[in-house]
Amino acid sequence: MMNHVPRALVVDDEPDIRELIILTLQRMQIDCTGAKDLAEAKQWLTKREFALCLTDMRLPDGSGIELVEYMQREFPEIPVAVITAYGNMEVAVTALKAGAFDFVAKPVNLQILRNLVDTALKLSDVEKKESAPFRKELLGESPAAEWLRSMIHKLARSQAPVLIAGPSGSGKELVARLIHQLGPRGDAPFVPVNCGAIPSELVESEFFGYKKGSFTGALMDKGGLFQAAQHGTLFLDEIADLPLHMQVKLLRVIQEKAVRPIGSQEEFPIDVRILSASHKDLPTLVSEGKFRQDLFYRINVIQLAVPGLQERQEDIPILAETFLQRLSRETGLPKTTLSAPALAKLMKYSFPGNVRELENILERAVALCENAMIKVQDLHLDERAPEVLETVYPTDLPLTSYLDTIERDAIMAALVKNRWNKTRTAEQLGLSLRALRYRLKRLGLEK
């Protein structure tokens, strides 16, 4: 067998299903090795190199999730997909959270299986993608910016749904686009849609498309957003604004990996990764009955919290410089410069509108300033927004240690106030419970 021919490990105790999958993959020019249980799969993993692994969830001596967790520890570079029972989305989500690349449901739809395998085999190209353009798009050298870049790289390797949370203007769509570009779907379409901008009576036809004659005005067949994003990524921005009746239909599409256009009698398989975003508190909306709990569970397999500009203030100078350079190129005028007092004013400003607000402030200031120099009065900052309090930085401490000390004190104070109730503490601090738990572990505050 030639070295460039990929090899797959297929783990299933049912010979018929195992042979069906192996035959399908062999027709895709993939060399296959079969295993009937967990023990045999582990043996093969130590003997051969594999480009991907497909495993059933129920094995005679364990579960597919055990194999996923084992491979995450020992062979993290090998994508592993799980085969689940029909309709068992809870198991599929558990596998994705454990690190599975993707899932396919029984009875196995061979086209969906082929799409999954094609995407998995492209993962080797992900590592070769240049990071320089990536750093130019996601600017900043702060710890928060570096952490966000590392998370984007990690999430680009998975096909798990990601819920991108963060305040308005923090760059959630940019983050989604980078996850798409750096992943195996990077050469396919990235389709962003603002769920709140589509009239409720049109939302179903926009998402799923329609057949000619299915309603008045349907003069020809029209594909929907899912079809437009085929083999790529569909980014559902402000998903909290999606009407409840549409949430039901969206959940079914995500689970079945198929869409039925309005007026059609048949479903069409889709191969689309779902990324979602919202600046609203979805758990609260779920508790109020305004957002479906089952859909939230499905889109929130992995949550990524995009930090606001107030959490990465040291990035303001480089962001401002980049925006001013771009404005100079667009207008053809000499580059405008920020005066030292104007920059100091920006560094103290709280930026309720985050990066988008900084960009708008500078665009307005460039138009108003004289002699290509932006002064404090040219910024026209919203004085109602509180300024960031100045702090005296102790130069004998590394910055990360100093910030950890501040964070530890704030979390401890909130924990004591709430009698170590983590849910109330997270609400008070404006964090998700998962984010609080991560900080407790990182700062050594687990009780």
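When a/c is below 1.5 the answer is rounded, else prolate if a/b is larger than b/c, else oblate, so apply that to segment 58-216 with a ≥ b ≥ c taken from the square roots of the Cα gyration tensor eigenvalues.
The shape class here is oblate.
Along segment 68-74, what does the Karplus equation 6.51 cos²θ - 1.76 cosθ + 1.60 (θ = phi - 60°) give for ³J(HN,Hα), rounded to whole Hz, x for Gly and Pro?
With coefficients 6.51, -1.76 and 1.60, one gets 4, 5, 4, 6, 4, 7, 9 Hz.
I want to make sure I understand the PRE zone here: with the label point 7 angstrom from the Cα of R252 toward its beta carbon, which residues in segment 84-108 have backbone N atoms less than 15 Å away?
The answer is 87.
At 0.36 nm per residue, and after removing the present C-alpha to C-alpha distance, how many nm does the segment from K211 to A372 gain when stretched out fully?
Result for the pair: 52.3 nm of gain on full extension.
Taking the Cα centre as origin and putting +1 on Lys and Arg beta-carbons and -1 on Asp and Glu beta-carbons, what dipole magnitude results for the chain, to the nearest 20 debye? Can you show the working numbers first?
Numbers: 56 positive and 60 negative charges, 52 e Å.
For this selection, approximately 240 debye.
Using the basic label-point model (7 angstrom from Cα toward the beta carbon), what is the K441 to K290 distance in nanometres?
So the two model labels end up 3.1 nm from each other.
With every protein chain left in place, what is the accessible area of H4 in Å² (1.4 Å probe, nearest 10)?
About 140 Å², ignoring ligands and nucleic acids.
Most fluctuating residue of A340, A305, A81 in a GNM of the chain with Cα springs under 10 Å: which is it?
A340
Within segment 177-261, count lysine pairs with alpha carbon atoms under 18 angstrom apart where the residues are 8 or more positions apart or belong to different chains.
The number of close lysine pairs in segment 177-261 is 4.
Once Cα extents along the principal axes in Å is worked out from the coordinates, which option in (1) 74, 62, 50; (2) 107, 47, 38; (3) 98, 60, 38 does it equal?
For Cα extents along the principal axes in Å, the calculated option is (1).
Over 18 Å between C-alpha atoms is what I'm after, so list which of K97/K290; K154/K441; K345/K375; K172/K280 land there. Provide the component values of the computation, followed by the final result.
Values: K97/K290 25 Å; K154/K441 20 Å; K345/K375 10 Å; K172/K280 13 Å.
Checking Cα-Cα distances, K97/K290; K154/K441 exceed 18 Å.
First check a/c for segment 1-52, with a ≥ b ≥ c the square roots of the eigenvalues of its C-alpha gyration tensor; if it is under 1.5, answer rounded, and if not, answer prolate when a/b is larger than b/c or oblate otherwise.
Numbers: a/c = 3.11, a/b = 1.13, b/c = 2.74.
Because a/c hits 1.5 or more and a/b fails to exceed b/c, segment 1-52 counts as oblate.
Among A188, A435, A51, determine the one that fluctuates most according to a GNM of the chain built with springs between C-alpha atoms less than 10 Å apart.
Among A188, A435, A51, the largest GNM mean-square fluctuation belongs to A435.
What are the GluC sites (Glu not before Pro) within segment 71-110 that DSSP puts in a loop, where the Cβ has at most 15 other Cβ atoms within 10 Å? Can you show the working numbers first?
Numbers: sites: E74, E77, E90; in loops: E77.
In loop regions of segment 71-110 (DSSP not H, G, I, E or B), the sparsely surrounded GluC sites (Glu not before Pro) are E77.
With +1 assigned to the C-beta of every Lys and Arg and -1 to the C-beta of every Asp and Glu, and no other charges, what is the dipole magnitude of segment 161-209 about the Cα centre in debye, to the nearest 20?
Approximately 280 debye in magnitude.
Quick query: amide H of I164 versus all other amide H atoms, modeled in the peptide plane; which residues come in under 5 Å with a sequence gap of 5 or more or a different chain?
Amide H neighbours of I164, under 5 Å, 5+ apart: S276, A277, S278, L304.
Using only the alpha-carbon atoms, how far is helix 89-98 inclined from the longest principal axis of the chain? Give it as 0 to 90 degrees, nearest 10.
Tilt relative to the chain: about 60 degrees.
Assuming a ≥ b ≥ c are the square roots of the Cα gyration tensor eigenvalues, decide whether segment 1-104 counts as rounded (a/c under 1.5), prolate (otherwise, with a/b larger than b/c) or oblate.
Working: a/c = 1.55, a/b = 1.31, b/c = 1.19.
Verdict is prolate for segment 1-104.
Give the separation of the Cα centroids, segment 237-262 to segment 2-78, in Å.
So the two Cα centres are separated by 32 Å.
The values are calculated or read from the model by the stated rules, or taken from the named source; none is laboratory data. Just so we're clear, the structure is a prediction, and the values are computed from it rather than from any experiment. So basically every Cβ, Gly included, is an ideal-geometry build from the backbone, and we count neighbours across all protein chains shown. Areas reflect the complete protein model, heavy atoms only, side chains present, ligands, DNA and RNA absent. Shrake-Rupley method; radii C 1.70, N 1.55, O 1.52, S 1.80 Å.
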